[in-house]
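Quick note: the coordinates plus some simple rules give every number you see, no bench work behind them. Since this is a predicted model, take the numbers as computed values, not measurements. Methodologically, a virtual Cβ is constructed for each residue, glycine included, from the backbone with ideal geometry; neighbour enumeration extends over all protein chains shown.
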Amino acid sequence: MNQRLPESQLILLLDDDVMVTEALAAGLEREGRTVITCNDLESAQLIVERMNPSHVVSDVRLTGPFGYEGLDFVRYAKRFAPDSRIILMTGDAPETLQFEAAERGAVAFLRKPFDIQELDSILNLMQCAAGTSGAAEAPVIRMPLLDDIVKAGAGLRPFFQPIVRLEPGYKHVGYEALARYRNNSLLRNPEILFEYAERKDRIADLELACSAASVRAGAKLTDWAVLFLNVHPDVLAHGDALRDVLATECADMDIPPQRLVLEITEQATLPNTRSLLDTIHHLRELGVRFAFDDVGVAYSHLPFLDKVRPSFLKISQHFGTAFEADDMKMKIVRNLLSLARDFGCDLIVEGIEHASTADAAAQLGIKYGQGFYFHRPAEAEAFLK
C-alpha cells in the first residue's frame, strides 16, 4: 500500500553520484518538504512503489555513457505514482531525448550544470495535486547503498527474541536474531531491506553481513543460551562463505560454534546441489546445528530432513498462534510433533501470544516456544543478566 507523508512535497532525487544528490538535497531543503535521496535504481523503485512521491528528479544516465535507465525510470515512476511530476537531468540534452522524455511523462528537462534555484522554481511551479498543505519540517531521508550496509555490517544492529523452555519459569534457552537496519529510510523494515538486496541479486551478501552482526551483538547471550541465525537457502549454496564468516566471528567473540543454530528460512527452495550439501557438512563439522523455519509455509524443506538433519523444526506463527482454539491448527501441530519425533528433532512453536497456547503446547509434549507472550524482540542488552 502506498504511504503518503503529510508534507506538501515529497521529492525523490535519483543520481548515481552521491555528491550530486547530497548537493541537491542541501539546496532543496524547505519547510513543507521531505527530500529522499537514492543512488541506484532499485532503491528508487522501492520509493515510488511505496511512498508515492509528489516529484521525481532523476539523472538520465545512471550506469555509464550508454545507459539511459533514468529515462526508462520515468515510465516506472508514472506506473506507481501517476500524479508525480518528473524532472530529468542530463549533461547532454538533444531534442530527440527531450521529446522521448516528454512522451514517457517527464514534465521538465534540465541540462547539467544548472543552478539549484532553477530546479527549486520548477518544483514550486509544478505542485502535485496529491500533495497536502501545511507547514512541516523538511528532513532529508538518505537511502543507503547496499555496499554501505554490508560493509562491516555498518548500521546493522539485530534485535533478539527469546526461545523458552515450556515449563514453569519459562527459562530462556535460545534467542532468534532478527535483522534490523538503523536508518530513517524504508530499509528499517527488514522485509523491504531484503527485497532491496534481492533486486540487487545480493541476498547472500546481506545475509552474511547480518549473520556476522548477529554473532557480534548476541555474543554475551551465548553464556547461557544458543543463538538462532536466520539464513536464506541461497546462502548455503555459496560454497563455504558462511562457514568462514561464522568461524571468524566465533573466534573473535570467543563463542563456541556449538552455540549457533542456523535457521533455514522458507524464502526459497533448498537447491539439491553438491555445493549445498558440502556447506552443510562443513558447518556441522564446525559444530553448528540447524533448524527448519516456518515448517509447512511457502517452500517446504521437509524433503531435506535426512540430508540436513535439523535439530529443530519451527512451527510458523500462522499455525502456532492460538492453535489450541482451532481444530485445523491443532491437527497440524500434532502431525508436526509426530514428524519431529520420528526424525529426532525438537519442536518450537512460534507466535505464542497467550498463556493458553503455551499451556496447550506443553501438554502435547512440545518443549519450546517463542512469541510476544514471553518477550517482544529487543536488543541484546535487554536480556543480559
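If each residue's Cβ is checked for other Cβ atoms within 10 Å, how do VAL226, VAL235 rank with the fewest at the top? Write out the running numbers ahead of the final one.
Working: VAL226 22, VAL235 25.
Starting with the residue having the fewest Cβ neighbours, the order is VAL226, VAL235.
Annotation: the residues LEU14, LEU302, LEU313, sorted from fewest to most other C-beta atoms within 10 Å of their own C-beta, follow the order LEU302, LEU313, LEU14.
Over all directions, the projected convex hull of the C-alpha atoms in the chain averages 22.2 nm² in area. In percent, rounded to a whole number, the relative contact order of the range 208-317 is 26, using alpha-carbon pairs under 8 Å and six or more apart.
Amide H contacts of GLY174: ILE163, VAL226, each under 5 Å away and 5 or more positions distant or on a separate chain (H built 1.01 Å from N in the peptide plane; Pro and chain starts excluded). Computed from Cα atoms alone, the Kirkwood hydrodynamic radius reported for the range 221-265 is 11.1 Å. Nearest 5 is fine: what % of DSSP beta bridges in the range 146-383 come out antiparallel, could you say? If I count the DSSP bridges inside the range 146-383, around 30 percent turn out antiparallel.
Dipole of the chain computed with +1 at Lys/Arg Cβ and -1 at Asp/Glu Cβ about the Cα centre; of ALA25, LEU10, ALA268, farthest Cα towards the positive end is ALA268.
Straight Cα distances below 14 angstrom link LYS151 to the aspartates and glutamates ASP205, GLU207, with same-chain residues fewer than 8 positions distant left out. Which of VAL288, VAL107, VAL60 moves the most in a Gaussian network model of the chain with Cα springs under 10 Å? Of VAL288, VAL107, VAL60, the Gaussian network model singles out VAL107 as fluctuating most. Simple rule: put +1 on each Lys or Arg Cβ and -1 on each Asp or Glu Cβ in the chain, find the dipole, and look at VAL60, PHE374, GLY91; the Cα lying farthest toward the positive end is PHE374. Dipole magnitude for the range 146-383: about 240 debye, using +1 per Lys or Arg Cβ and -1 per Asp or Glu Cβ, origin at the Cα centre.
At q = 0.12, 0.14, 0.18 Å⁻¹, what log₁₀ I(q)/I(0) does a Debye calculation on the Cα points of the range 9-142 give, no solvent, two decimals? Result of the Debye calculation: -0.39, -0.55, -0.95.
For the chain, averaging the sequence separation of C-alpha pairs within contact (under 8 Å, six or more residues apart) and dividing by the residue count gives a relative contact order of 12 percent.
Within the same chain, aspartates and glutamates fewer than 8 places from LYS78 are excluded, and of the rest, those with a Cα less than 19 Å from its Cα are ASP15, ASP40, GLU42, GLU49, ASP59, GLU69, GLU100, GLU103.
Magnitude of the charge dipole for the range 9-142, about its Cα centre and with charges confined to Cβ atoms of Lys, Arg (+1) and Asp, Glu (-1), is about 380 debye.
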